[in-house]
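The values are calculated or read from the model by the stated rules, or taken from the named source; none is laboratory data. Every value quoted in this text rests on a predicted model; they were computed, and no experiment measured them. As a convention, Cβ positions derive from the backbone with ideal geometry for all residues, glycine included, and neighbour counts pool all protein chains shown.
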Amino acid sequence: MLRLMIDENLPLAQEAFSEFGKIELHPGRAITKEMLRDVEVLIVRSVTPVNAALLEGTPVKFVGTATIGLDHVDVDYLREKNIFFANAAGSNANSVAEYIVAAILQHTSEKKLRLADLTIGIVGVGNVGRRVVRYAEALGMRVLQNDPPRQRAEKSKNFLSLDDLMQADIISLHTPLTTNGVDATFNLFDEKRLAQMKTGSLLINTARGGVVETTALKNVLNNGRLFANLDVWENEPEIDGDLLRQVEISTPHIAGYSYDGKINGTRQIYEALSEFDKRQQRWVVDKTKLPPPAKPRIEIEHRAEGTEETLRHIVMAAYDIGNDSAKLKAAITYSKQHRGRHFDELRKNYPVRWEFSSYKISANNLDEKLITTLRALGFEIDT
C-alpha cells in the first residue's frame with residue numbers, strides 16, 4: 001500500500017485514490033518536505049512548487065499535477081531522479097474556453113459592441129486555444145491565430161506573427177509560462193508589446209500571470225488606452241491591488257475551475273497512477289452522485305434587445321463571470337497579506353460550476369442562428 005499526499009482542493013480525491021493506500025489531504029501551499037518524509041505519491045495543483053527543495057531526500061516516486069500548466073513543476077529534476085510524472089493536459093480546456101466566451105459577452109455588452117464587427121487574436125493554440133478558436137467562430141467573430149511552435153511544425157498559413165495580431169479588438173492569451181528559448185513567454189506582453197495593441201482593445205489573460213508585465217499593464221490601463229480581463233496574476237496570491245482596481249474583470253485563477261474540468265483532472269491522474277502502480281482501473285465517476293446545476297433548465301424567450309443580448313443572458317445563467325469578478329474586487333482595499341488570503345479562500349471555496357453541456361435551453365421563438373450558436377457552445381436545446 002502506498003502513502004499519498006494530495007492537495008485538499010482535488011475533488012473526489014478520497015473516492016479516486018483510497019484504493020492505493022493511506023491518503024493525507026493538505027492545502028497545496030502548505031505542503032512541505034517534512035510532510036513528505038513517508039510519502040511515495042504526491043498529487044498537487046498549480047499552487048505547489050514541485051522541485052528539489054520540496055522532494056530531495058523524500059521517498060516520493062510519483063508526482064501528479066491535476067493541471068494543464070507545468071510552470072510549478074521542475075520536470076527536469078523529476079526526470080533526473082527517475083520520478084514518474086503525470087499532468088492533466090487538456091482536462092480543463094473547455095472550462096477555460098467557456099470562461100472566455102463569458103468574458104467576451106460581458107465586455108461587448110458593457111461597451112455596446114457587435115460580435116460580428118470584432119476580431120479576436122488568440123496567442124497559443126493548444127488544448128485551450130483550439131477551443132477558443134471554435135467558440136469565437138461560433139460567436140461570429142473573425143479569428144486570428146498565433147502559435148510559433150505549431151507554425152514551425154505544421155508550416156500552416158493559418159498562423160500569423162504576433163505583430164499581425166496587434167490590431168485585433170480582443171487578444172486572448174493561452175501560452176505556457178516559459179523563460180528560455182526562442183518561444184519564451186515570460187513578460188511576452190511588456191511595455192513595447194502592449195503599446196502595439198489597438199486603442200480600446202481588450203486583453204484577456206487566462207494563461208499565467210508572468211506572461212504579462214504587471215507594471216507595464218498598469219501604466220497602459222491607467223491612461224485608459226486598453227481594457228483587461230485577468231484570471232491569472234503575477235505574485236499570486238498576493239496580487240497587485242492597483243492592478244485589481246484597474247482591470248475590467250478580475251477573477252482568482254478560476255477560469256479552469258468548472259467541476260467538469262476538476263473531475264477530468266482527478267480522473268487523468270488516477271489513470272496515470274494506475275499505470276504507475278500496474279493495477280487495473282476500478283474507479284469511474286458516478287455522475288448520479290455529483291451535485292447537479294441548481295437550475296439545469298434555462299427558460300428564455302427571445303428578448304427585445306436582440307440576439308447577442310439573449311445569448312449573453314443564457315451564458316450568464318450558466319456562468320455569471322461578473323459575480324466571480326465582484327468577489328475578488330472586494331479585496332481592493334485589503335492589505336497585501338489579507339488580499340492573498342482572500343484570493344486563496346475564493347479558490348478553496350469556489351462553488352460548483354458546471355459547463356454549458358449540463359444545461360438545457362427551453363427555446364421559445366429563438367431564431368435558428370442563435371440555436372446554432374448555442375449548440376456550438378455545448379448547450380442542449382429543447383425545441
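So which strands (runs of 3 or more DSSP E) are wholly in the range 41-120 and hold at least 3 residues that are not hydrophobic (A, V, I, L, M, F, W, C)? If you could, list the steps in order and put the result at the bottom.
Working: elements: 41-44, 62-65, 84-87.
Counting at least 3 such residues, we get no strands (runs of 3 or more DSSP E) at all.
With respect to the conditions (1) crowded, with 21+ Cβ neighbours inside 10 Å; (2) out of contact with any strand residue (DSSP E or B) (no Cβ under 8 Å at 6 or more places or on another chain); (3) within 20 Å of Glu248 (Cα to Cα); (4) of a type outside the set (D, E, K, R), Val128 lacks only one, and its number is (3). Residues of the range 235-246 that are part of a loop (DSSP other than H, G, I, E, B), surrounded by fewer than 23 Cβ atoms within 10 Å (Cβ to Cβ) and more than 15 Å from the chain's Cα centre (by Cα): Asn235, Pro237, Glu238, Asp240. Checked against the criterion of being without any contact (Cβ under 8 Å) to a residue 60 or more places away in the chain, more than 29 Å from Asn323 (Cβ to Cβ), buried (at least 21 other Cβ atoms within 10 Å of the Cβ) and of a type in the set (A, V, I, L, M, F, W, C), the candidates Val75, Val50 yield just one match: Val50.
The set of residues in the range 6-36 being within 15 Å of Thr65 (Cα to Cα), touching a residue at least 40 places away in the same chain (Cβ under 8 Å) and not in a loop (DSSP other than H, G, I, E, B) consists of Asp7, Ala13, Ala16, Phe17, Arg29. Would you check if Gln268 is assigned by TED's automatic domain parsing to the domain that holds Val44, free of Cβ contacts under 8 Å to residues at least 12 places away in the same chain and of a type outside the set (Val, Ile, Thr)? The answer is no for Gln268.
Based on what the data block shows, is Asp190 within 30 Å of Asp76 (Cα to Cα), in contact with an Asp or Glu (Cβ under 6 Å, 6 or more places away or on another chain) and not assigned by TED's automatic domain parsing to the domain that holds Arg375? Against the criterion (within 30 Å of Asp76 (Cα to Cα), in contact with an Asp or Glu (Cβ under 6 Å, 6 or more places away or on another chain) and not assigned by TED's automatic domain parsing to the domain that holds Arg375), Asp190 qualifies.
Each row is one residue, and each column tells you yes or no for (1) at pLDDT 95 or above; (2) over 30 Å from Ala89 (Cβ atoms).
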position: Thr175; (1), (2): yes, no
position: Thr179; (1), (2): no, no
position: Glu191; (1), (2): yes, yes
position: Gly200; (1), (2): yes, yes
position: Ile204; (1), (2): yes, no
position: Arg208; (1), (2): yes, no
position: Ile239; (1), (2): yes, no
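Checking Ala168, Ala207 one by one, the residue that is out of contact with any His (no Cβ under 7 Å at 6 or more places or on another chain), assigned by TED's automatic domain parsing to the domain that holds Leu113 and surrounded by 15 or more Cβ atoms within 10 Å (Cβ to Cβ) is Ala168 and no other.
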